[in-house]
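Heads up: the structure comes next, in structure tokens.
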Amino acid sequence: MKKKALLFLFSITFLLVRAQEQPAAYAVSDEYTLWNFQKGDTAYVFADVAYVRENADTKSKLVDSLKEGAMVVINSEGYNGSTIRGFHAPWYKISF
């Protein structure tokens, strides 16, 4: 019985670990993703704080920060995707 319980626990653990291999915002199709913004679209910050950077890199100089609910206008197509805190998303040039 212990062997079956351990095998079951190992199987569940293996499945949960495998489920996290793809980015959380993985694109389901080319036509629609969670980050399907176009130039000129209006978007809202959904994180507690969103950091505005000088360049598309998490090590780039911090220019400003926006709180949840802040409105931004998308000024570019998405580019140079990054994974940040488990979410994979493209960078956008914005105005706010």
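Details
- Cut-off 9 Å between beta-carbons: net charge of the residues surrounding VAL49, Lys and Arg +1, Asp and Glu -1: -1
- Relative contact order of region 45-96, defined on C-alpha pairs under 8 angstrom at six or more residues apart (%): 31 percent
- Radius 14 Å from Cβ of LYS93, net charge of other residues (Lys, Arg +1; Asp, Glu -1): -3
- Sorting 54-60, 90-96 by their mean Cβ neighbour count within 10 Å, with the most densely packed peptide first, gives 90-96, 54-60.
- Among residues other than ILE84 with Cβ under 14 Å from its Cβ, the summed charge is +1 (Lys and Arg +1, Asp and Glu -1).
None of the figures in this text is laboratory data; all of them are computed from the coordinates on show. This one's a predicted model, so the numbers in the text were calculated from it and none came from an experiment. Cβ: placed from backbone, ideal geometry, glycine included. Neighbour counts: every protein chain shown.
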